[in-house]
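Student: So that we are looking at the same thing, I have put the structure below in structure tokens.
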Amino acid sequence: MRLLKFELYKIFSQKMIYITFLVLILLSSMYISNFEKIDDETKQFYKTWEGTLTSEKIQQAKSSNDQLTIKAEEKVEEMRANGTEGSFISENDQIQSGIYENIAFIESVEKDVNQKLKELENSTKYNAGLEKRLLESVDLSYFSFHKGPKEIIDYTGTFSFIITGAMLLIGLSSTYTREYSTGVDNYILSSRKGRTDLTWAKLGAAFIYALAVVASWEVVNVITKLYILGNLGWETPLQFVFRYDHSPYGLNMLEFHLIQLGIHLVAAFGFAILILFISSISKNSLISFFISGALFSLPFMAVEMVPMKAGLSDMVKFSYLYIMKVEFLFAHFKTINLFGYPLLYPVAAVLWMGILSVLIAAVTFKVLKNKEVSI
């Protein structure tokens, strides 16, 4: 326990991690200034439509939207005739138009789901049965104001991996190299038992640090979004988030966000173990930092800049960065053919991170065990 406390002290006593975190949070939150605090009137408009989307409600939304369109066209013609300028649609009409567009959007998603289910009826693919069961669990009937949860999910999939990756690199890259540069490693390596205990302490401290980093940006993310956009809509289906409109998973936004955080944390733990390994075989903190950073960022550069087939692209995406982003695991139905058994991407990603982390941790213990005292 003393070793663990000492390792935690060494990590959290670095001033740079606090400066970096503050800068990254400020930069990643600048777009919030474009949001306006949701007022009670807006919530009341959505309250009218909240609940199960029946066929009558959908038809009513279409009719009301047509009336708004006609009203807007008439207003435009009137302004042209009078030679005046200004807004041709009121703020209340804009809110209602947004509601109708959301309902129309989810209706089109439901049509796509039903069409896909028909196609799967006669499909002979090895994973057709699994996709069919997943799609049958998708319930798109619930509607509510959901901008708060939506923005929380978007932030977690867009900015969080940058914060987590950078914070882990800065906080952990010098874990071993600092001791090599000061000569403390000679005392550590003089006891084989001490090597094992110290490595466990460093792993434990790295896990706690990774958890603290994720918890910190999550607190900022949730508090700011809920304060501005309100704590409504967690029961809304995931498919209301545009980038997940083709997702086959029957999850609401709260369920997905918790899973999203869990998978992000698994990848963060895995990356922390990788950094410790790189640090254990490096003599210089900068070398450890840049090698670890390259292993983290190169898959992103490869996918975004190098043309490659979908299958190869997905293989590259099974990396720390993309698994932290989570999005590609849930955006579409994708599986790995494991001896004829379909393994869903989210399950495969967690298993892969777990196996890889155990292997790298084992190699780290082996490296430290066999390391010689320098003279």
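The values are calculated or read from the model by the stated rules, or taken from the named source; none is laboratory data. This is a predicted model, so every value here is computed, not measured. Cβ: placed from backbone, ideal geometry, glycine included. Neighbour counts: every protein chain shown.
Student: Here is a check on your reading of the model: is residue 325 loosely packed, with under 15 Cβ neighbours inside 10 Å and of a type in the set (Lys, Arg)?
Tutor: Criteria not met by residue 325.
Student: Are any residues in the stretch 158-170 under 9 Å from the mean Cα position of the chain (by Cα) and under 18 Å from residue 270 (Cα atoms), and if so, which ones?
Tutor: Correct list: 160, 161.
Student: For residue 313, are the conditions met, namely being outside the structural domain of residue 135 (by TED's automatic domain parsing), in contact (Cβ under 8 Å) with a residue 40 or more places away in the chain and of a type in the set (Ser, Thr, Tyr)?
Tutor: The answer is no for residue 313.
Student: Let me ask something additional. Got a sec? Which helices (runs of 4 or more DSSP H) wholly within the stretch 91-161 have at least 2 residues that are of a type in the set (S, T, N, Q)?
Tutor: Qualifying helices (runs of 4 or more DSSP H): 91-121, 147-158.
Student: Can you name the condition, by its number, that residue 42 falls short on among (1) loosely packed, with under 12 Cβ neighbours inside 10 Å; (2) at pLDDT below 85?
Tutor: Just one mismatch for residue 42, condition (1).
Student: Okay, next question. Go through the stretch 2-20 residue by residue and tally those that are surrounded by 10 or more Cβ atoms within 10 Å (Cβ to Cβ) and either without any contact (Cβ under 8 Å) to a residue 12 or more places away in the chain or closer than 26 Å to residue 147 by Cβ (or both).
Tutor: 4
Student: Working carefully through the options 276, 258, 265, 295, find the one that is in contact (Cβ under 8 Å) with a residue 60 or more places away in the chain and not assigned by TED's automatic domain parsing to the domain that holds residue 109.
Tutor: 276
Student: With respect to residue 32, is the statement that it is assigned to a helix (DSSP H, G or I), assigned by TED's automatic domain parsing to the domain that holds residue 209 and at pLDDT 85 or above true?
Tutor: It is false that residue 32 is assigned to a helix (DSSP H, G or I), assigned by TED's automatic domain parsing to the domain that holds residue 209 and at pLDDT 85 or above.
Student: When the stretch 231-255 is examined, which residues are found to be more than 21 Å from residue 51 (Cα to Cα) and either without any contact (Cβ under 8 Å) to a residue 24 or more places away in the chain or of a type in the set (Lys, Arg) (or both)?
Tutor: The answer is 243, and nothing else.
Student: Kindly state which helices (runs of 4 or more DSSP H) lie completely within the stretch 245-342 and contain at least 1 residues that are modelled with pLDDT of 95 or more.
Tutor: Per the criteria, 253-280, 285-305, 320-325, 327-330.
Student: Hey, does the stretch 169-188 have a residue that's buried (at least 22 other Cβ atoms within 10 Å of the Cβ), among the polar types (S, T, N, Q), modelled with pLDDT under 80 and part of a helix (DSSP H, G or I)?
Tutor: The answer is yes; a qualifying residue exists.
Student: Based on what the data block shows, is residue 88 modelled with pLDDT under 85 and either touching a strand residue (DSSP E or B) at 6+ places or on another chain (Cβ under 8 Å) or among the aromatic types (Phe, Trp, Tyr) (or both)?
Tutor: yes
Student: In the set 94, 59, which member is loosely packed, with under 11 Cβ neighbours inside 10 Å and either at pLDDT 80 or above or within 34 Å of the chain's Cα centre (by Cα) (or both)?
Tutor: 59 is the lone residue from the list that is loosely packed, with under 11 Cβ neighbours inside 10 Å and either at pLDDT 80 or above or within 34 Å of the chain's Cα centre (by Cα) (or both).
Student: Could I ask something else about it? Might you check whether a residue that is at pLDDT below 85, out of contact with any helix residue (DSSP H, G or I) (no Cβ under 6 Å at 6 or more places or on another chain) and in a loop (DSSP other than H, G, I, E, B) occurs anywhere in the stretch 76-83?
Tutor: yes
Student: Something else now. Being in contact with a His (Cβ under 8 Å, 6 or more places away or on another chain) and either surrounded by 23 or more Cβ atoms within 10 Å (Cβ to Cβ) or not hydrophobic (A, V, I, L, M, F, W, C) (or both) is true for just one of 293, 233, 270, 250. Which residue is that?
Tutor: After ruling out the rest, the residue left standing is 233.
Student: If we keep just the residues of the stretch 107-133 that are of a type in the set (A, V, I, L, M) and in contact with a helix residue (DSSP H, G or I) (Cβ under 6 Å, 6 or more places away or on another chain), which is surrounded by the most Cβ atoms within 10 Å (Cβ to Cβ)?
Tutor: 109
Student: Okay, moving on. Run residue 243 past the list (1) within 15 Å of the chain's Cα centre (by Cα); (2) buried (at least 23 other Cβ atoms within 10 Å of the Cβ); (3) of a type outside the set (A, V, I, L, M, F, W, C) and report the number of the one that doesn't hold.
Tutor: (2)
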